[in-house]
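So the structure is just underneath, and the comments pick up after that.
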Amino acid sequence: MPEDTTRELVVLVSRGLDDERAIVAWTIANVAIKSGQKVTMFLVSGGVDLVRKGAARHMQLNPSDPPLRELVASFVEQQGTIWVCPPCAEYRGYERDSFIEGVEVVGSGPLHEKLRAGAASLCF
């Protein structure tokens with residue numbers, strides 16, 4: 001039986017709606033999925049705002065970048081995984097139904113499991 005050679009990438013995002021580095025993170029995540037990698041976005045701090053229902057609708061800080069709503073929609077359509085830090089969501093008053101479809105509120109344990117298993121990681 002052939003070995004699974006699918007690479008995993010974890011993208012940790014702490015930047016929010018006021019920082020174009022958040023767009024860069026989603027762009028890189030989408031390219032990684034298109035290249036055949038399994039990608040998990042782990043959103044902490046201001047990053048959790050990016051997947052709140054309706055929040056991505058108007059974010060496009062750099063006119064050269066695609067709008068955030070398109071990047072997030074593409075990521076979800078390609079079956080990327082989106083995890084939100086529970087204390088970060090709670091601090092902002094968000095509940096599970098505050099987020100777009102497909103977002104899971106997950107602690108850091110599963111993130112560490114992916115990293116121990118060899119997933120590459122990027123932080124924004």
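The values are calculated or read from the model by the stated rules, or taken from the named source; none is laboratory data. On a predicted model such as this, the values are computed, not experimentally measured, just so you know. Backbone-built Cβ (ideal geometry, glycine too); neighbour counts: all protein chains shown.
Report the residue count in the stretch 78-106 for those that are surrounded by fewer than 19 Cβ atoms within 10 Å (Cβ to Cβ) and of a type in the set (Phe, Trp, Tyr).
1
Is it true that some residue in the stretch 83-90 is over 21 Å from residue 9 (Cα atoms) and in contact with a helix residue (DSSP H, G or I) (Cβ under 7 Å, 6 or more places away or on another chain)?
yes
Restricting to the stretch 98-117, what's the tally of residues that are in a helix (DSSP H, G or I) and acidic (Asp, Glu)? Reasoning before the result, please.
If we filter the stretch 98-117 for residues that are in a helix (DSSP H, G or I), which is where we start, we get 98, 108-116.
After this cut, where a residue has to be acidic (Asp, Glu) as well, the list is 113.
Going through the stretch 98-117 one residue at a time, the tally reaches 1.
With the structure loaded, tell me whether residue 74 is loosely packed, with under 14 Cβ neighbours inside 10 Å, more than 18 Å from residue 8 (Cβ to Cβ) and not hydrophobic (A, V, I, L, M, F, W, C) or whether it fails that test.
Here the answer is no, as residue 74 does not meet what is asked.
Looking at this structure, is residue 32 without any contact (Cβ under 8 Å) to a residue 12 or more places away in the chain, outside any loop (DSSP other than H, G, I, E, B) and hydrophobic (A, V, I, L, M, F, W, C)?
Numbers: without any contact (Cβ under 8 Å) to a residue 12 or more places away in the chain: no; outside any loop (DSSP other than H, G, I, E, B): yes; hydrophobic (A, V, I, L, M, F, W, C): yes.
It is false that residue 32 is without any contact (Cβ under 8 Å) to a residue 12 or more places away in the chain, outside any loop (DSSP other than H, G, I, E, B) and hydrophobic (A, V, I, L, M, F, W, C).
For (1) more than 29 Å from residue 93 (Cβ to Cβ); (2) within 11 Å of the chain's Cα centre (by Cα); (3) at pLDDT below 95, each residue gets a yes or a no:
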site	(1), (2), (3)
1	yes, no, yes
14	no, yes, no
17	no, no, yes
23	no, yes, yes
31	yes, no, no
41	no, yes, no
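Could you check, for the stretch 55-66, whether at least one of its residues is among the charged types (D, E, K, R), at pLDDT below 95, over 15 Å from the mean Cα position of the chain (by Cα) and assigned to a loop (DSSP other than H, G, I, E, B)? Reasoning before the result, please.
At the first step, the residues of the stretch 55-66 found to be among the charged types (D, E, K, R) are 57, 65.
Restricting the remaining residues to those that are at pLDDT below 95 gives 57, 65.
After this cut, where a residue has to be over 15 Å from the mean Cα position of the chain (by Cα) as well, the list is 57, 65.
Then drop every residue that is not assigned to a loop (DSSP other than H, G, I, E, B), which leaves 65.
Yes, the stretch 55-66 has at least one match.
Quickly run through the stretch 67-83 and pick out the residues that are outside any helix (DSSP H, G or I) and either at pLDDT below 90 or within 20 Å of residue 123 (Cα to Cα) (or both).
Within the stretch 67-83, the first condition is being outside any helix (DSSP H, G or I), and the residues that meet it are 67, 78-83.
The answer is 67, 80, 81, 82, 83.
What is the number of the single condition among (1) in contact with a Cys (Cβ under 9 Å, 6 or more places away or on another chain); (2) under 14 Å from residue 39 (Cβ atoms) that residue 107 does not meet?
(2)
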